[in-house]
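Beneath this line is the structure, given in structure tokens, with notes to follow.
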Amino acid sequence: MRGKVAIVGYGRTPYSRVKPGEQVYTVDEYIAWAAELALESAGMSKSDFDGQGLGVSHAEVAHTVNWSAATAENLGISPNALIRGDQGGCSATSMLIRAAALIDAGVIDRALIVGADTPLSMPSIAPGLPLSPERTRGVFWDFQGPFGVMGATAQFALVLRRYMHEHEVTPEQLGKVAVSNRYHASLHPGAIYRKPYTLDDYLGSRMLSDPIRLFDCVPIVNGGLAFIVTSAETARSITDRPVHVLGFGETNNFYAGSKVFPDVTVTGFTQSAPRAMEMAGVTHDDIDFLQPYDDYPFISMMTIEDWGFCKKGEGGRFIEEHDLHYDGDFPLSTDGGQLSGGQPGGANGGFMPLVEGVAQLRGEADGRQVRDATVGAVCGFGGIPYGRPGRSCISVILGSEA
């Protein structure tokens, strides 16, 4: 599959925290806006996707059983293949993989992939906590909700506490990730929080669910993103800067060790990343930047470990010893990530690492451009299963050359 498909355009709308006086858009408007930006980026029109592919990620606010077909109707596109993404933060990368397979099989030649959500416009039982069906039924409500676990921060606090019990990591090391992300956000005009802060500011932020602080947490936003993937042949006729999909790997419902008592400090990236790198034919030394799914700093740290940049338990020291800035020796979350950029709904934050990876490899990351970047690693991370850190872990290697 190496080099057979390429990304030729992308779009990211401005994000909103729905402050008083701000224009409020619907999820359909955000999808149309993101799609328009992606089409403009590629120099294409929506008619180019009649008889082709359309990918649509899940939106909690939509509440419809035929969301992808309804989106095609709203956009005025008549696709031959609909791709649905409902793997949380893996939705964007999963749709990329499925579109690549359809293209390689000759079913379609190109696909427009879109995602948006407006979680801050939903009814809520607490600020920033939408009335998600996942939080009102099943194992979450049976085994966690009754004991006061109110969403991802409390769930991930349990995982981080276990990690800290088994391995060495300090608040200062995790804080370095958050501070670096905010620095990169200060260089990105689309980031929701752009004012830099210091390590002391991070350490002084209030504790929400010990050991997770306020500045560990991703801010929820309304917004939309999109990208366009085509066959490599078509890509060459569209742009002189295609970004090629060199390799990918996917793991779902991963258990590290025993299913009865799994190691919650290990993610499915231990399986998906080696497969992606093998398909791409690259080593760790070939990778110029890493764009993790970074809803919490320790998730970035565990991603670094499980991708094999260092051994398990050494992520904190790795962070301490490396420069995470775009012009450093290990560029990380160069757009500010979700930590400072914002998370546009639980299924759409995963578009951000992919879109930023494409921008970097096209040389379009103004003010935060990684010098001479030719190969980048992009991550999708979706869902919080009971007693484990992630339901889906997708690894993608992108390159400026096939």
**Message:** Check which residues have an amide H placed less than 5 Å from PHE289's amide H, if you skip close sequence neighbours.
**Reply:** ALA377
**Asked** So if we plug the beta-carbon distance of ASN66 and GLU278 into 1/(1 + (r/R0)^6) with R0 = 35 Å, what FRET efficiency do we get, rounded to 0.05?
**Response** 0.40
**Asked** What distance in nm separates the simple spin-label points at ASN80 and ALA105, each placed 7 Å from Cα in the Cβ direction?
**Response** 1.3 nm
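How big is the dipole moment of the chain about its Cα centre under a simple scheme where the beta carbon of each Lys and Arg is +1, that of each Asp and Glu is -1, and everything else is neutral? Debye, nearest 20, please.
It comes to approximately 740 debye.
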**Message:** Which residue, ALA365, ALA185, THR93, has the largest displacement toward the positive end of the dipole of the chain when charges sit on each Cβ (Lys, Arg +1; Asp, Glu -1)?
**Reply:** THR93
**Asked** From a point 7 Å beyond the Cα of LYS46 in the direction of its Cβ, which residues of segment 4-27 have a backbone N at a distance under 17 Å?
**Response** 10-13, 26-27
**Request:** Calculate the spin-label point distance for ASP263 paired with ASP285, positioning each point 7 Å from the Cα along the beta-carbon direction, and give it in nanometres.
**Result:** 2.7 nm
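If each DSSP helix of 4+ residues adds -39,500 (n - 2.57) and the sum is divided by the residues in the chain, what number results at 222 nm, nearest 500 deg cm²/dmol?
-10000 deg cm²/dmol
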**In sequence order, calculated HN-Hα J values of segment 94-101 (Karplus, 6.51, -1.76, 1.60; Hz; x Gly/Pro)** = 5, 5, 4, 5, 5, 5, 4, 5
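For an R0 of 35 angstrom, estimate the FRET efficiency from the Cβ-Cβ distance between ARG162 and SER237 and round to the nearest 0.05.
Step by step, r from the Cβ atoms, then E = 0.10.
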**Asked** Roughly how many debye, to the nearest 20, is the charge dipole of segment 146-249 about its Cα centre, given +1 on each Lys and Arg Cβ, -1 on each Asp and Glu Cβ, and no other charges?
**Response** 240 debye
**Message:** Please report the projected area of segment 302-402's Cα convex hull averaged over all directions, in nm².
**Reply:** 7.3 nm²
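Laboratory data are not the source of any read-out in this text; all were calculated from the coordinates shown. Treat the numbers as computed from the prediction; the structure is a model and nothing was measured. Note: ideal-geometry Cβ built from the backbone for every residue, glycine included; neighbour counts use all protein chains shown.
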